[in-house]
Every structure is written in C-alpha cells, then in structure tokens.
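The values are calculated or read from the model by the stated rules, or taken from the named source; none is laboratory data. Predicted, not measured: the structure shown is a model, and the values here were computed from it. Cβ: placed from backbone, ideal geometry, glycine included. Neighbour counts: every protein chain shown. SASA here: full protein model, heavy atoms, side chains in, ligands and nucleic acids out. Shrake-Rupley method; radii C 1.70, N 1.55, O 1.52, S 1.80 Å.
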Amino acid sequence: AVISTQSTGVGKDHVVPIIKEDLNKSEFFNCHTNGNFPEVFIHSKAVTSTQDLLWSDKVLRQNALSVAILGDVQISGKGRGNNQWISPHGSMCLSFYYTLEQNCLMAKKLPFVQYITALAVIKAVNEIYEQDSLLKIKWPNDIYTVNGEKIGGVLVNCSSTGKETGLCIGVGINVNNDEPTVSLAKVFGLKISVPKLASKVCCLFMEEMCLFNEKGYEQFVERFCQVWLHRDKRVRISVGAINCDAVIKSIDSDGYLSVFNLATHKNVSVQPDGNSFDMMENLIAVKSF
C-alpha cells in the first residue's frame with residue numbers, strides 16, 4: 001500500500017519550503033527485493049518527525065507488520081537525548097517499523113539493531129555509488145565521513161508485548177542537500193535518488209537481520225568493525241565507576257562497547273544507551289541531554 005500526504009503535523013510557527021517536484025515512488029519499489037517489506041509505504045512532503053509519526057500511530061503499527069515513512073522535509077527530527085533539528089529537502093528522513101518474534105536471536109540482542117541499521121546504510125550507499133570506504137560508523141549510532149564529518153545517524157525505539165517486540169527505526173542522512181553540513185552528493189560528487197537509497201536501506205536491513213538471526217553475532221561484528229572509526233583507538237573513559245585510559249577493541253556479545261583498560265589490563269564493557277564518544281576529546285562519557 002502507498003499513501004501520500006501534502007503535510008503531516010506541520011506547526012504554524014515553522015516555515016517549510018514549497019516542494020514542487022513529486023517523489024518518484026516507483027524508484028522505491030523498483031529496486032526493492034525483499035517481498036512484502038514494508039507492507040505499507042507512506043510519503044509526506046513535509047512532516048514534523050517521521051519517527052514521532054510512526055511511533056505514535058498505534059493503529060497503523062497494529063494492523064501492519066511493517067511500515068515505512070519517507071518525508072521530503074522534516075522540521076522536528078529526533079535524535080538521542082531528545083535532540084531535534086530541521087532536515088531540509090534533499091535529505092533522507094526515513095522511519096520504518098518492524099516486528100520481531102520473541103524467540104528469535106535479535107529479540108535477545110536489541111542493542112545490535114542500531115548497529116545493523118548503520119551497517120545497512122553504509123552498504124546501501126556503497127552499492128549505489130559503487131565505491132567503498134568513504135563512510136564510517138561512529139559509536140554508537142552515527143554515520144561519518146572518513147574526514148570526521150557527520151553525515152547522518154540512526155535512532156531506535158522499541159516496545160515489547162510479551163509475544164513480540166516492535167522496532168521503530170529512524171534514519172536521517174544528508175543526501176543531496178547543500179546545507180547545513182556535508183552531504184553524500186558533496187562526498188561522492190553525484191546526486192542520487194532519495195527513495196532509491198531508502199529502499200536499499202530497508203532491503204539491506206532485512207538481509208542483515210536474517211543473517212544475524214541465522215548465523216549469530218560473530219559474523220556481524222567482524223563486518224561491522226571493518227566500517228567503524230574506532231578499532232584500536234586509544235581513548236579516555238569516564239562513565240559511572242569507570243574512569244580510565246583504554247583502547248577500543250570491539251563490540252561484545254551483548255552489544256556493548258568492549259575496551260581494554262590500560263591500568264588493569266582487563267576488558268571493560270560500556271553500554272551504548274546514554275553514553276557517547278567525543279571524537280574531538282577522544283572521550284567516552286555520559287551523553288549530555
């Protein structure tokens with residue numbers, strides 16, 4: 001099912017540019033290879049937040065196993081710690097809903113959902129541009145260029161009913177927009193179709209989820225660490241009772257960051273929820289909300 005709207009929940013105090021061209025929805029479906037995922041595709045020319053819209057619509061989520069929402073302009077985008085921003089035309093504002101059965105491996109390893117999504121984004125960009133190594137993952141949920149410029153991020157909300165876990169996954173990427181920061185078009189020198197990228201992300205997310213459930217954590221972490229910024233990087237950690245110099249090693253089996261404490265010569269795990277990595281200071285600390 002395809003649903004199109006002119007605007008969704010745009011506040012009167014916000015100025016939203018008029019978008020004259022129509023999104024080519026066929027580009028979303030033409031490169032889609034994962035059957036009925038998503039079952040429902042919603043496109044809006046202007047939206048407050050794709051994540052809020054999808055997460056708040058319980059009726060929609062209860063009546064479809066999978067839903068995707070793509071907005072041309074987002075005026076109140078969501079990030080970790082309730083961070084908000086405006087996403088201009090040319091960026092990819094995508095949220096999709098996916099249901100996990102409680103007996104699958106991923107339902108027991110939920111911190112990996114954001115990592116799988118971030119890897120799917122990088123794989124999708126690499127496939128479309130037919131280039132590798134220009135984007136990296138910054139722990140725990142950001143997409144950066146190899147030059148240290150943020151180009152997007154991932155946000156995951158989840159809820160459990162006992163029988164299943166619902167995942168609401170948001171992805172924001174600067175694709176063709178000239179402002180306010182670097183975009184894929186600037187990095188790769190070519191503008192691409194936003195719906196095509198959104199479709200690729202959804203497809204590759206599904207592929208990675210199936211691989212994780214079938215083959216486990218080890219195969220994923222090996223590939224994930226090839227595209228992140230941090231392996232063997234020396235950092236300072238100041239989280240709770242942990243205050244030490246350390247070397248980042250990997251992601252442990254629970255989805256936590258695994259670091260080697262240089263004082264005790266022991267591995268320490270740092271959870272992604274509520275913590276962040278300041279690349280300028282080489283510091284892992286509690287995120288400031």
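Observations, loosely collected:
- Label-point separation, N213 to T145 (7 Å along Cα→Cβ), nm: 3.8 nm
- In this simple spin-label approximation, N243 and V182 carry label points 7 Å from Cα along the Cα→Cβ vector, and these lie 3.4 nm apart.
- Cβ-Cβ FRET estimate between K266 and D132, R0 fixed at 35 Å, reported to 0.05: 0.50
- Relative counts (whole %) of C-alpha pair distances in the range 113-166, using bins that are 10 Å wide: 24, 45, 19, 11, 2
- Which listed pairs, of K58/K200; K136/K186; K150/K191, have C-alpha distances above 21 Å, in listed order: K58/K200
- P(r), alpha carbons of the range 105-207 - 5 Å bins starting at zero, rounded %: 2, 12, 23, 25, 17, 10, 6, 3, 1, 0
- Put the Cα centre of the range 147-216 next to the Cα centre of the range 229-289 and the gap is 24 Å.
- Full-stretch length increase - E164, L190 - with 0.36 nm per residue and alpha-carbon distance subtracted: 5.2 nm
- Sorting K249, K215, K136 by accessible area puts them as K215, K249, K136; the probe is 1.4 Å, largest comes first, and only protein heavy atoms count.
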